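The block underneath contains the structure these notes are about, expressed in structure tokens.
The values are calculated or read from the model by the stated rules, or taken from the named source; none is laboratory data. Computed from a predicted structure; not experimentally measured. Positions of Cβ are backbone-derived with ideal geometry, glycine not excepted, and every protein chain shown enters the neighbour counts. We work out accessible area using only protein heavy atoms, side chains counted, and drop any ligands, DNA or RNA first. Shrake-Rupley method; radii C 1.70, N 1.55, O 1.52, S 1.80 Å.
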Amino acid sequence: MSAAPSGSLLDQLRANPRLPLAIGVSMLVAAVAALWLWNRTPDYGVLYSNLSDRDGGAIIASLQQMNIPYKFAEGGGALMVAANKVPEARLRLASQGLPKGGSAGFELMDNQKFGTSQFVEQVNYQRALEGELARSINSISAVDSARVHLALPKPSLFVREQKSPSASVVLTLHRGRSIDEGQVSAIVHLISSSVPELSAKAVTVVDQAGNLLSAANSGTRGLDVSQLKYTNEIEQGFIRRIEAILQPIVGPTNVRAQVTADIDFSVVEATDEKYRPNQEPGTAAIRSQQSSESAQPGNSTPGGVPGALTNQPQSNPVAPISTAAPGAPKLGAPVVDQLKISTELSGVGGLGGLARSGGSGRKDGTTNYELDRSIRHTQQGAGGIKRLSVAVVVNYRVAAGVKGKPIAQALSATELEQIQNLVKEAMGFSRERGDSVNVVNSAFASDVVETVDVPAWRQAGNIEMAKTAGQYLLLGLLALFVWFSVLRPLLRKHLQPAPAVAPLPGNFVPQPDLAGAPGVAGVQAQAAQREGQRHQENMQYAQTASANDPRMVAMVIQNWMEKT
């Protein structure tokens, strides 16, 4: 019962020789695909880099709980997971509050306990402020991490005991990145603007190598970043003008120009006060007048000519006001111009009588005139050009020489003078300012590019190609090994011819032909012999089955009869 199916399968394999070949090829393809998948490594992406030990341990524990494979980059600087799982991992870790980061912000103030002392509140506030400033500085592209230290003195009621706050910043920059003075100045002003009464000069910025970055903002240099940038823009603008006007004449690659600009960044404020000459006589405006008169009689006896003239009252004394000299002051601010005192003794009556009788008299007069005054306040802005120095180099002209070979020829004096005049007009030459222009005609040196011959076996592309070819060659050798060592012997074993059997009754033996190989008649006889043996086996099996289970045989015969 068990030998029949096995023989039937072998007979099918022998009857269809292509079936084992198809099975073998399928197994080979499956083996190659399995090896290729095994050899292919999944693409990993950076999940987080430069993590602290505390955050790294927490993130690894969460990744293990989420069954997400991970690995570390070379040197342990980054934590990597499968590239297609990076967004999912970051979102799931963010929901857990990871990574927490090295600094805490104002979330420290969320969990304030009841009865906290003022000192603890002040410390927490300072920590929160430092953490928020560090987070703001970390948002700069060149900064990897930052630490901020604030020194906030206690407030005092006494002015003499008040102290100003100060701050220090430690920056850790990304590898291969640098930070310029403008960004340092921005960090300094960010810190000073976030802390009350903190001056920008009291902020110190240091990088991870210990270099002082805030030295440029302490005023030790003459120019700051904005002034240097403005100077560079001025110089580059003049260079573009000069080259743009000369390139159509000498060619785009035959002229080089350099400009040095001396910029005046000083801010000048001047106040000028001038007094104009006096005005014409009679045209001056009188601001105020004052006059005083005094008399003192003597002790002598009265005397004089008796009569009506003596009995008359004394007349008022006359003190004329002298007019101003030519060039009197004009209208303007009030200034005391002159003080004139005039005293007159009358010979008849009045003070004259007092003088003759031994008395004395005095009369004073003061006049104030208006004068002109002009005040001019001038403020000169920074950024003016004090002096320009221009240097221009022009290449030789290429002309056809003997037998059509190109040769270099120098420009003539007239052409150089024309070029110099064009340069002066383009730069706005000013002799009073002290500008200088120098135009030189010289042959340019040819650009020689040194080529380094790299052996083919050291070139990166060839090395990568050799690695890929080696992988495929290894797979091919493995496939050949499987074919010659496993599949081919197996096929030979199952496809080899059956051994010779006893001849049929009649003692028929195939006769060999002249070449020693069995003839066609012999092959046919062997086939008939195998068919007769198979018929005998089937008859024996049918007899055995009918003897053991006649009902099954009857059912089979009935089924045959119904089909016919």
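Values computed for the structure shown
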read-out: Interchain or long-range residues, amide H under 5 Å from S166's placed H; value: A151
read-out: Inter-label distance, nm, simple model (7 Å from Cα along the C-beta direction), A186/A33; value: 5.4
read-out: Two-site label geometry, T260 and A456: point separation in nm, points 7 Å out along Cα→Cβ; value: 5.4
read-out: Accessible-area value, M555, 1.4 Å probe, nucleic acids and ligands omitted, Å²; value: 120
read-out: Three-way shape label, segment 89-198, alpha-carbon gyration tensor, a/c 1.5; value: oblate
read-out: Proximal charge balance of S194 [Cβ under 11 Å; K/R count +1, D/E count -1]; value: -2
read-out: For R387, distant residues with modelled amide H under 5 Å away; value: D262
read-out: Label point distance in nm, A200-F484, each placed 7 Å from Cα along Cα→Cβ; value: 8.0
